[in-house]
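Please read the structure below before turning to the comments.
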Amino acid sequence: MFHSIIHRSSTIVLDDIKVRLIEAQDAEQITAYYQRNRHFLAPWEPLRHEAFFSLAGWQQRLEQIAILHRHEMAFYFVIEHRVTGDIIGVINFSNLVKSPFYACHVGYSLDQYHQGQAVMRRALTAVTEWIFIDKHFHRIMAAYMPHNNKSGSVLTAVGFEQEGLAKDYLLINGQWQDHILTSLVNPNWSLPIS
């Protein structure tokens, strides 16, 4: 499953895209990403406060994300187009739990104009490798709504396996939504050396 990737302090280069941890200087770009995709992403995300779509809101949020990164409590990646430099997607690892679980959740979104180009499949494959190898996680869990065929296809292509259906699992766009539960298990996991 794993393949050769260029790692530069949590930066992964994949042909036309670069996947890296978000930084404070990304405030304008990430704000533009969410403003540009506000209506496109709305059916798949929680209801957002106006601050989520503002530069000031993202400046504050990035300060909080930096603390989470520093303490390895979450990892917030951006997918950057290598030609334009635009942020065209995000992949977030949250609810990171170490021993004895060694598991986390992953969520993601992709710009409406970059759908159907295997961007998310390639980026998600790369960051799952990173969190398995560099951070020693054993299991990554992802959930998607049954009618979100694109997300289901991405997860299947990356190797996630279905584990069940959770009723009224997440409050999405103001409505409780059922979700298909999936996971990807690290086949080469070993106890981290401390």
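The values are calculated or read from the model by the stated rules, or taken from the named source; none is laboratory data. Given the structure is predicted, the values throughout are model-derived calculations rather than measurements. Note that we place each Cβ from the backbone using ideal geometry, even for glycine, and neighbour counts take in every protein chain shown. Heavy atoms of the whole protein, side chains included, go into the accessibility calculation; ligands, DNA and RNA do not. Shrake-Rupley method; radii C 1.70, N 1.55, O 1.52, S 1.80 Å.
Backbone N atoms of region 139-177 closer than 18 Å to the 7 Å Cα→Cβ label point of Phe40 belong to residues 148-154. Loop by DSSP (not H, G, I, E, B), at most 16 other beta-carbon atoms within 10 Å: where is the longest site-free stretch of the chain for trypsin sites (Lys or Arg not before Pro)? It runs 136-194. Seen from Pro187, the other residues with C-beta closer than 13 Å to its C-beta sum to a net charge of -1, counting Lys and Arg as +1 and Asp and Glu as -1. Shown for the chain: the carbon plus sulfur share of the solvent-accessible area, taken with all protein chains present and a 1.4 angstrom probe, equals 52%. With springs only between Cα atoms under 10 Å, which of Ile87, Ile131, Ile67 fluctuates most in a Gaussian network model of the chain? Result: Ile67 has the largest fluctuation of those listed. The residues of the chain expose, per residue, 54 Å² of accessible area to a 1.4 Å probe.
Restricting region 73-133 to chymotrypsin sites (Phe, Trp or Tyr not before Pro) that sit in a DSSP loop and have at most 14 other Cβ atoms within 10 Å of their own Cβ leaves Phe101. Accessible-area rank, largest first, for Val13, Val97, Val19, Val83: Val83, Val97, Val13, Val19, with all protein chains present and a 1.4 angstrom probe.
Ellipsoid fit via the Cα gyration tensor, region 11-115: semi-axes of 22, 17, 15 Å, each the root of five times an eigenvalue, largest first. Considering helices alone, the calculated mean residue ellipticity of the chain at 222 nm is -8500 deg cm²/dmol, with DSSP H runs of length four and up weighted by -39500 (n - 2.57) and normalised per residue.
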